[in-house]
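In what follows, a structure is listed as structure tokens, so that the remarks can point back to it.
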């Protein structure tokens, strides 16, 4: 039994170490690429910067600064769609970063045909303050923490015979928070997986056909929610709730696929 | 572990590396231009006992097609051709190939013999090797090792291991750099724990001995592994000085006489050097090698010595830069002087600027790096009509030319403008403040600059909630909590609920009782069997139904059975079992083995049914 335990620990350690090793080995070349790209940006060679940053992504690695810098480079190249897309991607990691927020808002202000929402509902406010300002991982960690605390509290309460009423009310509060959190998190994950950014100007039509009537026009940088897919057409919802069909190639999902 | 030991461990790695490089570069480097062709003769040792043999290798470099040489008659030896071996090696991108033809030479008589210079013709050119002297001695060692349990390293170790010391020059000027190389030659002997050399360097300033380098070297026709230590000296006294003697301590490994009849011996495992080493059949023997002292003649520096002599002796490069070139009065200019070269930089006095009415001068910052000395000094112009920083001179003694040299750098042109008034500070409003946004739009707006630090690179699409370890932890934690509650509740119930506790014990009791009863059947004890059966039934029901033991009778039990929802059929069965027991026990009925088995079967059915009911 002891032996088994030892080998388990060993295997676990091995997996971690080998992962770290691989990551470290890859990190090195990626880092140098990153710095090259930064240098190109500083030299105002934005095209080269974009290429270098994209190369890191094509190797399967991402980082908040990478998306942020890439978005800046696209901004300099006046590609608003890609700019907003990459700022959105960076926001999945560092939603509370001041520079990012400022640049993102500036980029958004340049997007044509933007839908402005003046009054926010309670749900929208909660959504903004919780889901937009915290990353998925932060929320997951917070919920895990709640879960652990609730479990421990319950166990300790039973063991040390804490007043049942107090115990129950505390656990109920924790569990309500937990379930609200879980539903927000799953919603966030779902919405993020379906949200995409328009890269090329596209006409949103009433029907998934080329000759259908145009409902409205989507401009690069606009954020839409993909409702469903029908061969080469996507049914999207604009922020004001208006639906329309656009062609597959005119947008890109925020979550890299 | 000693130095050699460490190196040995790294050898397989180096070999692998070489093999990989060879595979990687073979395609590119093979069609390279014609290489240098060479021819060389070597022996594996220079002294041989009669009856033993030495191996002679004739190596041709740069031509793998060279065929074997027919050896001429060698006085005192008979030869036999063993075969060729080819090798390809790539060092620093240079590819070299060679072929070695190996011969065995068997000595015929005692004495000193010479392998003559051998000649080979390659591509129309004749190459010849060095002659090699070989000592052939009488084989008295075998006799010795028979009556001695272990052979301590004897005098002939001197041929196999020795130390040399060399200097790159014997006549130097005061303070001139001398490179000393202390080289340990090792052949056919295993050395461990080699110490750094101890050298008497009186009259010199010595730098620390650097990490030694290892290689293979051909000396007097035999190959040696070498360990070379480098030492840099600067003489501080004139006259005839001596360096050394140099001493190196090491442990020599020699084979211990084995104890006969050991387990490993039977299988001949100890013959293997590796196992031998591992199981300690080698013993260490401390040994000190000594190299003869070197004579160094130290000449004084020629007179007269210039005033501004920096006491640098050797060959030097001196560069000076000043920046920025355009300043305002009161702004700092940094002058940087780089001195590099081969000399004792530690003693060198760097030239510095001194305060005058044109410049305010700060104390210089001096730092020393490997092979160079850097000085940085800040000058601040006091007036606006200054056009240059004055030239600076560095004087050293050039050992090659034997004269004092003066290097002049500068003057450096600068332009100094009058001191500017402080510009008012620009106040930049924070983005995001609502008041400023309006005006900011008019001023022009742009994005914030890129981030320099990359943050943490992670594989794309990785998220905590998808992490298998994280999920495993969550599940594990859940299992632990649930198990805790199950066990806790059970324990609590056992403690507080006596009925439950008893009922928990019932199955175990039943198993035990049944076993006992079965035994009675085999023994054919009717009476005891039915007594036991009765007792068992009573006890089991007492535990299972948690009623007092006294109230377990056929009659009393009916009610509590029905109350617990036991079917009528089962309760009747129980009553019947009780009745049967009583009848036989009090002699109303007789029984035999099959009957007993039937009763037992009925009992088992009752127990099974009750256990299934989960009361």
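Just so it is clear, none of the values below were taken in a lab; they were calculated from the coordinates. A quick note: this is a predicted structure, and the numbers were derived from the prediction, not measured. So basically every Cβ, Gly included, is an ideal-geometry build from the backbone, and we count neighbours across all protein chains shown.
Quick one: B:350, B:337, fewest Cβ neighbours within 10 Å first, how do they rank?
Going from sparsest to densest Cβ surroundings: B:350, B:337.
Which FRET efficiency value, to the nearest 0.05, is calculated for residue B:505 and residue A:225 with the Förster distance at 51 angstrom and r the Cβ-Cβ distance?
0.20
At what distance in nm do the modelled label points of residue A:200 and residue A:112 sit from each other, each positioned 7 Å from its Cα along Cα→Cβ?
Label at residue A:200, label at residue A:112, 1.6 nm between them.
Using the alpha-carbon atoms, what tilt in degrees (0 to 90, nearest 10) does helix A:98-110 show relative to the longest principal axis of chain A?
The two axes meet at around 30 degrees.
Please order B:252, B:287 by the number of other Cβ within 10 Å, starting at the fewest.
B:287, B:252
For segment B:302-377 and segment A:224-238, what is the separation of their C-alpha centers, rounded to whole Å?
Rounded to whole Å, the Cα centres lie 72 Å apart.
With a 10 Å Cβ neighbour count serving as the proxy for reagent exposure, in which order, fewest first, do A:87, B:103, A:35, B:224 appear?
Least crowded to most crowded, the residues run A:35, B:224, B:103, A:87.
Need one value for A:59-72: mean number of C-beta atoms belonging to other chains within 10 Å of its residues' C-beta atoms.
Rounded to a whole number, the mean comes out at 5.
Run the simple label-point estimate for residue B:321 and residue A:29 please: 7 Å along Cα→C-beta, distance reported in nm.
Here the modelled spin labels are 3.4 nm apart.
Across peptide A:144-157, how many C-beta atoms of other chains are within 10 Å of each residue C-beta, on average?
What the average comes to for A:144-157 is 2.
Need one number: % antiparallel among DSSP beta bridges in segment B:32-139, to the nearest 5.
90 percent
Separation of segment B:86-133 and segment A:156-208 by C-alpha centroid, Å?
Centre-to-centre (Cα) distance: 82 Å.
Kindly express, to the nearest 10 degrees and within the range 0 to 90, the angle between helix A:46-58's C-alpha long axis and the longest C-alpha principal axis of chain A.
The helix A:46-58 is inclined about 40 degrees to chain A.
Relative contact order of segment B:309-417, please, whole-number percent, based on alpha carbon pairs below 8 angstrom and at least 6 residues apart.
Relative contact order here is 33 percent.
With each pseudo-label sitting 7 Å past Cα toward Cβ, what's the residue A:161-residue B:285 distance in nm, one decimal?
8.1 nm
Please check which bits of segment B:342-356 a label hung off residue B:307 would reach, taking the label as a point 7 Å along Cα-to-C-beta and the cut-off as backbone N under 17 Å.
B:351-355
Run lengths n ≥ 4 of DSSP H only: what is the helix-derived mean residue ellipticity at 222 nm for chain A, with -39500 (n - 2.57) per run over all residues, to the nearest 500?
Result for chain A: -20000 deg cm²/dmol, rounded to the nearest 500.
Which residue, A:227, A:173, A:84, tops the fluctuation ranking in a GNM of chain A built on C-alpha contacts under 10 Å?
Highest fluctuation among the options: A:173.
Normalised by the residues of segment A:195-253, what does the relative contact order come to in percent, with Cα pairs under 8 Å and at least six apart?
40 percent
Tilt of helix A:136-159 relative to the longest C-alpha principal axis of chain A, in degrees (0 to 90, nearest 10)?
Once rounded, the angle reads 20 degrees.
What is chain A's relative contact order, in percent, from Cα pairs under 8 angstrom and six or more apart in sequence?
For chain A, the relative contact order is 15 percent.
Quantify how strongly other chains surround peptide B:457-469 by giving the mean number of their Cβ atoms within 10 Å of each of its Cβ atoms.
Averaged over the peptide's residues, the number is 6.
Kindly state, to the nearest 0.05, the FRET efficiency for residue A:169 paired with residue A:128, given R0 = 25 Å and r defined as their beta-carbon distance.
E between residue A:169 and residue A:128, to the nearest 0.05, is 0.25.
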